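Here, each number is a calculation from the coordinates, and none is a lab measurement. As the structure is a prediction and not an experimental result, all values here were calculated from the model. Reconstructed Cβ throughout: ideal geometry from the backbone, glycine too, with neighbour counts over all protein chains shown.
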Amino acid sequence: MQDKESLWQAAFTSADPSDLDAHNKHREKILNDPQILNRTIVSDGVVVGSVGRYFMDGVAQVTYWIGSEFKNKGIATAALAKLLVIDQTRPMESRTAFDNEASARVLQKNGFSVVGTDKYFANARGEEIAETIWRLV
Ligand SMILES: CC(C)(COP(=O)(O)OP(=O)(O)OC[C@H]1O[C@@H](n2cnc3c(N)ncnc32)[C@H](O)[C@@H]1OP(=O)(O)O)[C@@H](O)C(=O)NCCC(=O)NCCS
């Protein structure tokens, strides 16, 4: 999660991805929050990423991250499909940077559609950028 290209792509990242203490505190919070569902993605016995569901203003949101060397093998698409079986909360939403085409594809392939846009400060880009709001009903 310190890969520069991936950080730019995801855009809405932590303020300082190199801050291990902050990262660990955040992970601990996530893992201890019963409202958050988090799964490690393992492919051929190797940890390749994570996928999760949390709530924002009462609306379920999915998020995922794949290690750069494992991208474009269909892993995020398959992992999200599995999460959507484990967690059948609907509607389910996700937000992507307006130009995160790979994440857009992952959502499209899992049946999500665009329902709106918003603007939010993107730490990885140092400015407010547009985000696309996706929903699965
Ligand atoms: C977004 C991300 C999770 C995708 O993971 P992945 O395992 O590579 O995704 P998949 O292989 O399942 O699918 C990727 C799709 O995007 C397409 N794609 C990849 N890069 C692309 C690009 N630059 N432009 C257009 N499409 C692109 C692939 O061709 C594929 O679509 P296809 O199946 O129709 O050919 C991964 O790139 C990542 O972790 N990025 C950094 C973190 C991030 O952005 N997380 C999401 C935040 S909303």
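Computed values, structure above
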| item | result |
| --- | --- |
| Relative contact order of region 4-136, defined on C-alpha pairs under 8 angstrom at six or more residues apart (%) | 25 percent |
| Sorted by Cβ neighbour density within 10 Å, fewest at the top, the residues Phe55, Phe12 | Phe55, Phe12 |
| Entries in Lys29/Lys73; Lys4/Lys71; Lys71/Lys119 that, when Cα-Cα distance is taken, lie over 21 Å | Lys29/Lys73; Lys71/Lys119 |
| Sorted peptide list for 20-28, 94-102, criterion being average Cβ within 10 angstrom, highest first | 94-102, 20-28 |
| Antiparallel DSSP beta bridges within the chain, percent to nearest 5 | 95 percent |
| Under the span-like rule (Cα at least 15 Å along the axis, Kyte-Doolittle mean at least 1.0), DSSP H helices of the chain | 75-86 |
| In region 57-89, the trypsin sites (Lys or Arg not before Pro) that fall in loop regions by DSSP, at most 15 other Cβ within 10 Å | Lys73 |
| Theoretical ellipticity at 222 nm over the chain - DSSP helices of four or more residues, -39500 (n - 2.57) apiece, nearest 500 | -9000 deg cm²/dmol |
